[in-house]
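Student: Attaching a single structure in C-alpha cells format; questions to follow.
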Amino acid sequence: MALTSWKAFNFFDASLVKLPEESSSLLNSDITCLSTGSANVFLGSTDGFVHTLSSSFKAVQSFKASESGSITHIKQLEKTSLLVTIAEDLLNEPVLKVWALDKPEKKTGAPRCLSTTSVQNARRLFPVSAFATLGDLSQVAVGFGNGAVTIIRGDLIHDRGARQRIVFESEEPVTGLEVQSGPVTTLYISTTNRILALIITGRGQGQPARVLEDTGCGVGCMTLDRGTGDVLVAREDAIYTYGPHGRGPSYAFESPKSSISIFRDYVTLVCPPRAGSSKSDTLRTFGVGKDELSSTATFTLLDTDLKFIAHSEALVSPVKYVFKEWGHLFILTTDGKIYRYREKTLQQKLEILYQRNLYILAINLAQKMEVDALQQNAIYRKYGDFLYQKGDYDTAMQQYLRAIDNTEPSQVIRKYLDTQRIHNLIEYLEELHDHDRASVDHTTLLLNCYAKLKDTKKLDAFIKAPGELKFDLETAIAMCRQGGYYEQAAYLATKHGENDMVVDILIEDSKRYAEALEYIWRLEPELAYHNLMKYARVLLSNCPSETTELFIDYYKGTYAPRTQQVEPLPEPQAQQNNTLQNLAAFLPLPLMNAGAGAKAEKVEAPPVLEDKESQQVKEYRVPKPRTAFSSFVGHSQEFITFLEALISKENLKEEDKVDLYTTLFEMYLDTAGRKKDTAEVEHWQNRAKKLIEGKDIPISTSSVLLLSDLSGFREGSTLVREQAGLRSDIFRSFTAAKDTQGAIKALKKYGPEEPQLYVDALTYFASSPQILEEAGDELDTVLKRIDEDGLMSPLQVIQTLSNNAVVTMGRVKKYLSDNIERERKEISSNRRLISSYTAETESKMQELEQLGTKPVVFQARRCMSPSCGGALDLPTVHFLCKHSFHQRCLNKVGEDAECPLCAPEHSTIKAIRRRQVESADQHDLFKEELQRSKGRFGVISEFFGRGVMRPQSTME
C-alpha cells in the first residue's frame, strides 16, 4: 500500500533540547556510535573514549575504552548494567569489551572491564559493519564489510573463555544484524543484495542461512520489531517486513532512506536529501517544497497498523543518530543538535481526528491503545452524531448501538422520533433490552413500534427471546393486550408464571371462557380459588355446568389440579390484522386464532389424555360455603346444584349447615315463585317442604317463617310452627289471612292439645258477620268445648261475644240456659254438702266436750288385741275410744300409750297435718297448682284449708 494514500497528522511535538556547553562541544566532536539504556546516553568517540550523558544531557562520566582505535560500535544491554563496545584501528582485529557499569574501578572510577575479546575474521582486516547480541550475552554476532558474520559464544561476563566461528560468508558486505530470541533463536542478516535468516540456537541450528529476499538494504536500514518478531527493511522504493519464513506485508514509499527504527508502535524513517531526483511527490505531501529537496532531510514516523503518518518533518541538517530513552524519541543531527519528540496524548490525537471528521481512524486508534469502553463509546457517539447530521441514519444508528452502554437513550430516541425512522428506532430499543438498560417507557415504545408496523415476527422474536427476561414483564403484557396481541400476552404471562394475567387475558381479551376455566382447573388450590372468585359470574354465564362443577369440587375439599398432555398443534400462520400464534408449548389449552376484540366463541380443544393417577387431592383450606353465594347471583339453577352437592358433604360444620339449608330453602321457594306452571310450582314447593321435614333440621324457625311468609308458602310456615309447637301461631296465621276454613281445620287438629285455641276461635268467629257465617255451627262446637273444659266463664264468653255485636242472644241462648241450669244444680249440691259438714262438725264438737267433762263407762269384757282376745284381768288399760287391752298386750304403757286399733288412723291424720304445715311455706307449689288448674278458685280454697294463709304459730 503506497504511503501517498495515507493520512498525515502531527501527533508529535518536536522541541530542541538545550544542551550544556560541555555536552554541546562533545556532540560536535567526532562521535562514532551511540547507545541508550539505564537512563543514560552512551557515546563512543574516535579517540577511544566512552562518554555517559544523563537525562539532562550533562556528561556525567568519561572513560577510556580503547587504547588504540576508535569505538565504532556500542550497546547497553536492556535490564542489565552491562555495556558492550567494539574498538577498531584497521591494523588489528576488532576488540570486543564488556563493561560493568555498576562496578567502578577504585582508582579511576571507570566501569570495570569484565572481558576483552578479539573478534576473528580469518585474519582478514575488514571493518565491522553490524553488531548484535543476545540479552544474556551468551552469543554475540559481528558482521564485517567483507560479508562475513562471526558468532562469539561463551561466558563473556565472567571471562571464562569464548569460542568464535564464522557462520556466514558472502561476497557483498553485511549491512545489518538482528537477533530474535525464543525457543528458536534466529539471526537476521542483511547485505547489500540479500536478506537472510540463520538459526543459531534451537531446532535447525547448523543449517545454512535461508535467503528471504534477493534484495538487500543499506547500513542502518534493518531493525527488529520486538512485538511481532519480524524485521523491517527500508529500501528506496518501500518498507518491507520479513519473518523466519519469508517476506510479509510491505508499504510503498519512494525515497532514499538512511535509517529505520521502532519507537513504541511507530516506525521511524530518516530520509536523506534526494540529490538530482525529480521524484518529489512523496516529500511534497510532507510539506517539503521542490526547491528544498536537494538540501533537506525528512524525519517520518509511521503507524503501519493503522496506516497513517503520525509525524513528518523536514530537517535542514542531516540526521546522524535516532535514539529513544526516558519515554521520548530523540534525533541527533550532524550539527550537534538534539531534538526531542513527545507524543501527544490520546485525547489530543482524537481532537485532531475529530477536526478532520476521521472518526473511523479515531475508533481504530482508541482500540489499538486499548482504552476503556467508556472512552470508545464516546467516539462512537461522536461518529454517530456526525453521520446523523449527514443524513446517513442507518450507519449512525450502528454507531449509537456500539455506544449504547453509556449513552443516554433519550438523546438517540428523540432524534429518531423526530425523523420518523421507526426501523432504526426499533433496532436501538431492541439493543437497549439486550443490554438490560431498557426502562418501562422503552418497552412501551418498542411494542408500540411493533404494533405500528404490524411486525408480528419481530414481536414474537422479542418476547420469545431465550435467556433471562430483558424487559418489564407487566409493561410488555399490558402493551400486547392494548395492541390486540393477546396470544403474545398470554405467552409471556404463562412462560413467567403470571397465572392471574393468563386468566385475565383469556377472559377479558380473548373471550375464551372454556379455556380459561380449564386453565384455572390446573392451578394450585390457592391460585385457582382467587381466579375462580374473580371471574365466577362471567364463567357461570358462559360455562355454567363446568364452573359449577369446579365450585363443588373446591368447596367439598376434593379439588385436585388437572394434568393433561396436549397433542402438539401446527404452528399458526401470521395474520395481517391481529396475529395470534399458538401457545401449545406453554399454555395448557390451545389458543386458536382469534383477532382483537373477537366475540366469545366456543373452540373445540384437542384430544386430552388425562392422567388420573397424577391427579392427587392437595390439602388446602376449604373456604366457608357462604363465600361463594354472591357468585351465583342470577344463576339460580347452578346455585341450587351447588347447594345440594354441598349438603351431602360429610362432617359439615353446624354454622355451614345452617347457611346451606337456609339458602337452599330460599332458592327452592324463589324458583317456585318464578314458575308459572302449577305442576312446577308444586314440584319446587314440595322440595322445599321436604327440606324442612323431619327432626334436627338446621334451619332456624324464624328463618323458615320469614322466608315462607315472603314467598307465600303457607305450608312451610305451618309445618315449622307445628314442629316447634307453635300451634297458636298456626291458628293465628289462618285468622290473620281471614281463612276461616283453614282456621277451623287447625282448630280441629290442634285444639285438643291447645285448648286456648278455642278461646281464640271464639274471638275470631265473633269478629265479623262474614266470618260468623263461614263458621256456621262451629261456633256452637267452640262454645261447648269452652264450657266443658272450663276455659272461660259464661260472663267472659258474653263479654267476648258482645265486643263486636255480631253474635245475637238467640245464637247463644242454648249455651246460656245450659250454664244457668248447671250452676243451679251445683249451688244446690254445695248447699247440701255445707249442711252435712255443719252437722258432722257439731257432732264432733259435742263428743269432744263430753269426753272432757263427763265420765266414760267401759263395758268391754275381753282384750281387743288381735293376738289375745282373752278375758280382761288386771292390769287393764282402757282408752277413751272405748277399746280395752291387757297391759301386757300393749307395746307402750304410760302417757305415750296409744290404742293399737286407732293408731293407724291417727298416724294418717298426723301425717296429713304435718304435710299441711310443711306445705304452708311452699309458695312455688301453690303458684304451679294455681297455673295448672282450670278451677283456680277451688285451688285457692283447698290451700286455704291447708292453712297456707294462717300464721305459723296458729298452725302449730
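Student: Need the list of lysines near residue 910 for cross-linking: C-alpha distance under 29 angstrom, and skip anything on the same chain fewer than eight residues off.
Tutor: 844, 854, 882, 892, 927
Student: Can you give me the long-range amide H partners of residue 239? Hydrogens built in the peptide plane at 1.01 Å from N, cutoff under 5 Å, separation of 5 or more residues or another chain.
Tutor: Answer set, sorted by chain and number: 251, 252, 253.
Student: Ignoring everything but the protein chains, give the 1.4 Å probe accessible area of residue 500 in square angstrom, nearest 10.
Tutor: About 50 Å², ignoring ligands and nucleic acids.
Student: Quick one: dipole size for the chain, taken about the Cα centre, charges +1 on Lys/Arg Cβ and -1 on Asp/Glu Cβ, in debye to the nearest 20.
Tutor: Around 1160 debye, computed over the chain.
Student: How much length is gained if the chain between residue 452 and residue 163 is pulled fully straight, taking 0.36 nm per residue apart and subtracting their Cα-Cα distance, in nm to one decimal?
Tutor: Extra length from residue 452 to residue 163 when fully extended: 95.6 nm.
Student: Per residue of the stretch 761-767, in order, report the coupling 6.51 cos²θ - 1.76 cosθ + 1.60 (Karplus, θ = phi - 60°) as ³J(HN,Hα) in whole Hz, putting x for Gly and Pro.
Tutor: Those phi angles translate into 5, 4, 5, 5, 5, 8, 7 Hz.
Student: If you don't mind, there's one more thing I want to ask. Along the positive direction of the dipole of the chain (beta-carbon charges: Lys, Arg +1; Asp, Glu -1; about the Cα centre), which of 201, 304, 94 reaches farthest?
Tutor: 94
Student: Hey, rough spin-label estimate for residue 394 and residue 929, points 7 angstrom out along Cα→Cβ, what's it come to in nanometres?
Tutor: Each label point lies 7 Å from its Cα, and together they span 12.3 nm.
Student: Can you spot the lysines whose alpha carbon is less than 21 Å from residue 738's alpha carbon? Ignore those fewer than 8 places along the same chain.
Tutor: Cα-Cα hits under 21 Å: 748, 749.
Student: Testing the spin-label approximation: label points 7 Å from Cα along Cα→Cβ at residue 917 and residue 558. State their distance in nm.
Tutor: Rounded to a tenth, the inter-label distance reads 7.6 nm.
Student: Going through the cross-link list 79/324; 495/556; 58/344; 415/457, which pairs have a Cα-Cα distance over 21 Å in this structure?
Tutor: Too far apart for the 21 Å limit: 495/556; 58/344; 415/457.
Student: What aspartates and glutamates sit close enough to residue 390 to cross-link, taking a C-alpha to C-alpha distance under 16 Å and skipping anything fewer than 8 places away on the same chain?
Tutor: 418
Student: Related question: If the chain between residue 803 and residue 856 were fully stretched, how many nm would it gain, using 0.36 nm times the residue separation less the Cα-Cα distance?
Tutor: On the way: separation 53, 0.36 × 53 = 19.08 nm, distance 6.88 nm.
The span from residue 803 to residue 856 would gain 12.2 nm if fully extended.
Student: Also, I was wondering about something else. Using amide H atoms built 1.01 Å from N in the peptide plane, name the residues 5+ places from residue 133, or on other chains, whose amide H lies under 5 Å from its own.
Tutor: Those lying under 5 Å, H to H, from residue 133 are 141.
Student: Looking at the P(r) of the chain, how many percent of alpha-carbon pairs lie beyond 59 Å?
Tutor: Percentage above 59 Å: 60.
Student: Further, regarding this structure: Using a simple charge model, +1 on the beta-carbon of Lys and Arg, -1 on the beta-carbon of Asp and Glu, nothing else, what dipole does the stretch 348-451 show about its Cα centre, in debye to the nearest 20?
Tutor: Computed about the Cα centre, the dipole is about 460 debye.
Student: A follow-up question, please. If you plug each phi of the stretch 24-36 into the Karplus form 6.51 cos²θ - 1.76 cosθ + 1.60 with θ = phi - 60°, what whole-Hz ³J(HN,Hα) values come out, in order, with x for Gly and Pro?
Tutor: Karplus-based 3J(HN,Hα) across the stretch 24-36 equals 5, 5, 5, 6, 7, 7, 7, 8, 9, 7, 8, 8, 10 Hz.
Student: Let me ask another. Highest first, please rank the peptides 620-633, 187-200 by the mean number of other Cβ atoms sitting within 10 Å of their residues. Can you show the working numbers first?
Tutor: Details: 620-633: 15.2, 187-200: 22.3.
Put in order of decreasing packing, that is 187-200, 620-633.
Student: About its Cα centre, what dipole magnitude does the stretch 1-141 give when the only charges are +1 on Lys and Arg Cβ and -1 on Asp and Glu Cβ, stated in debye to the nearest 20?
Tutor: Using only the charged Cβ atoms, the result is roughly 280 debye.
Student: Using the heavy atoms of the protein chains and a 1.4 angstrom probe, tell me the accessible area per residue for the chain in square angstrom. Please list the in-between numbers first.
Tutor: On the way: 50870 Å² over 956 residues.
Heavy-atom accessible area per residue stands at 53 Å².
Student: Near residue 547, within a Cβ-to-Cβ distance under 10 Å, what is the net charge of the other residues, with Lys and Arg +1 and Asp and Glu -1? Show your work: numbers first, answer last.
Tutor: On the way: positive: 537; negative: 546, 549, 638.
Summing Lys and Arg as +1 and Asp and Glu as -1 gives -2.
Student: Rank 381, 831, 165 by accessible area, highest first, at a 1.4 Å probe radius?
Tutor: Ranking 381, 831, 165 by accessible area, largest first, yields 831, 165, 381.
Student: For 262, 71, 157, give me the order by solvent-accessible area with a 1.4 Å probe, most accessible first, ignoring ligands, DNA and RNA. Please report the intermediate quantities before stating the final value.
Tutor: Details: 262 25, 71 0, 157 50 Å².
My answer, sorted largest first, is 157, 262, 71.
Student: Same structure again: At 1.4 Å probe size, with the rest of the protein present, what percent of the exposed accessible area of the chain is carbon and sulfur atoms?
Tutor: Its accessible area is 49 percent carbon and sulfur atoms.
Student: With a Förster radius of 56 Å, plug the Cβ-Cβ distance of residue 464 and residue 651 into 1/(1 + (r/R0)^6) and report the FRET value to the nearest 0.05.
Tutor: E(calc), rounded to 0.05, equals 0.70.
Student: Net charge around residue 634, counting only other residues with Cβ within less than 14 Å of its Cβ (Lys, Arg = +1; Asp, Glu = -1)?
Tutor: Net of charged neighbours comes to 0.
Student: Past 32 Å, Cα to Cα, is the threshold; run 534/690; 653/745; 97/337 against it and keep the listed order.
Tutor: Numbers: 534/690 35 Å; 653/745 39 Å; 97/337 29 Å.
The pairs that break the limit, which is 32 Å between Cα atoms, are 534/690; 653/745.
Student: Quickly rank 850-862, 653-665 as a protection proxy: mean count of other C-beta atoms within 10 Å, highest first.
Tutor: 653-665, 850-862
Student: Using θ = phi - 60° and the Karplus relation 6.51 cos²θ - 1.76 cosθ + 1.60, list the HN-Hα couplings for the stretch 210-220 in order, rounded to whole Hz, with x at every Gly or Pro.
Tutor: Going residue by residue, I get 9, 7, 8, 7, 8, 10, x, 7, x, 5, x Hz, with x marking Gly and Pro.
Student: Would you calculate the separation in nanometres between label points at residue 848 and residue 871, each defined as 7 Å from the Cα along the Cα-to-beta-carbon direction?
Tutor: 4.0 nm
Student: Gain in length, residue 816 to residue 262, computed as 0.36 nm per residue apart minus the alpha-carbon separation, to one decimal in nm? Mind dumping the intermediate values first?
Tutor: Details: separation 554, 0.36 × 554 = 199.44 nm, distance 15.25 nm.
Difference between extended and current length: 184.2 nm.
Student: Tell me, what is the FRET efficiency for residue 80 and residue 357 to the nearest 0.05, using R0 = 56 angstrom and their Cβ-Cβ distance as r?
Tutor: 0.70
The values are calculated or read from the model by the stated rules, or taken from the named source; none is laboratory data. Just so it is clear, the structure is predicted and the values come from calculations on it, not from any experiment. Positions of Cβ are generated from backbone atoms using ideal geometry, with glycine treated the same way; all protein chains shown enter the neighbour counts. SASA here: full protein model, heavy atoms, side chains in, ligands and nucleic acids out. Shrake-Rupley method; radii C 1.70, N 1.55, O 1.52, S 1.80 Å.
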